[in-house]
C-alpha cells in the first residue's frame, strides 16, 4: 500500500532494517529476510501482514534502482535540513494612507477651536463654560480620530513572523502584534494564491487583535473562533520552504482542507 501524496516520505532504509550507506548486496539480502518474515503466507492470522509486506516490497523497489535511490536520498536529506523554526521578514515602503487620519483629526481639532473662538467662548466669565467647551471639542476631535484610525489603519514597514515548534509570533515595527501557541490554533489553511495562510484560532486567543497590514490583513470572528489571514507574498521565505515547514511540523494542526490550497473565495 502506498503512502498518501501529502504524507512525509517513508523511511525505506528503516523498513528493510539497513543503514543508508548499505550496499546493493546488503539491501537485497535484507529484503529477502524481511519479505519472508512479513509475507502473508507466513502470517495467515495477521490481517496487517499484507500491508507490511507491501511496504517492504515498495522499499526494495526504490532502493534497488540506483536512480530512484538517489532521488529518494535527496528528498530524505532535504527533510533533515528543515529548520526548527522559520523567521519570515517583510520590509515594505512607508505609505501615507495610514497616517491621513492623524492629519484629518488635527485639522478637525483646529477647526473646532476656531469655531469656539468665533463664538467668543474664551471671553466667557465662567470657568465652567470654558471647561465644557474645551472638553466637548476635545471629545469630538478624539472620537473622529478613533473612527478614522479604524478606517485607515497604519501599515507597518518592518514585519517579522516567527514560526516555531510551539508557537507563532508576529512583530510589527518592533512591537509584538500577537503570540499564539499552536495549542490554541484549530487549523492552518493555505489559500489558492500560495502565499496567504489562515490561522483558525480560539476566539479568546485573538480577543483584542486587530488587522495589522500589510501582513495581518484580516481578523474575522465567528462562532467562538477567529480567523487570522496572513499575507506573506512579499516576504523572504520561499513558498516551498514555508509549506514544507507547515507540513512537517507535527505541532501545527492541519485541518482536512489544509493539505491543498483553499479557494480564495469567501
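The values are calculated or read from the model by the stated rules, or taken from the named source; none is laboratory data. All of these numbers come straight from a predicted model, not from anything done at the bench.
Give me the residue from the range 34-49 that is in a loop (DSSP other than H, G, I, E, B) and under 43 Å from the mean Cα position of the chain (by Cα) and, out of that set, nearest to residue 15 (Cα to Cα).
48
Out of (1) modelled with pLDDT under 80; (2) in a strand (DSSP E or B), what's the single condition that is false for residue 189?
(1) is the only condition that residue 189 fails.
If I filter the range 208-232 down to residues being assigned to a loop (DSSP other than H, G, I, E, B) and under 12 Å from the mean Cα position of the chain (by Cα), which single residue comes out as modelled with the lowest pLDDT? Reasoning before the result, please.
Taking the range 208-232 and keeping what is assigned to a loop (DSSP other than H, G, I, E, B), we get 208-211, 213-215, 223-224, 232.
Subset that is under 12 Å from the mean Cα position of the chain (by Cα): 215, 232.
Working: 215: 88, 232: 84.
Once the filter is applied, the top-ranked residue is 232.
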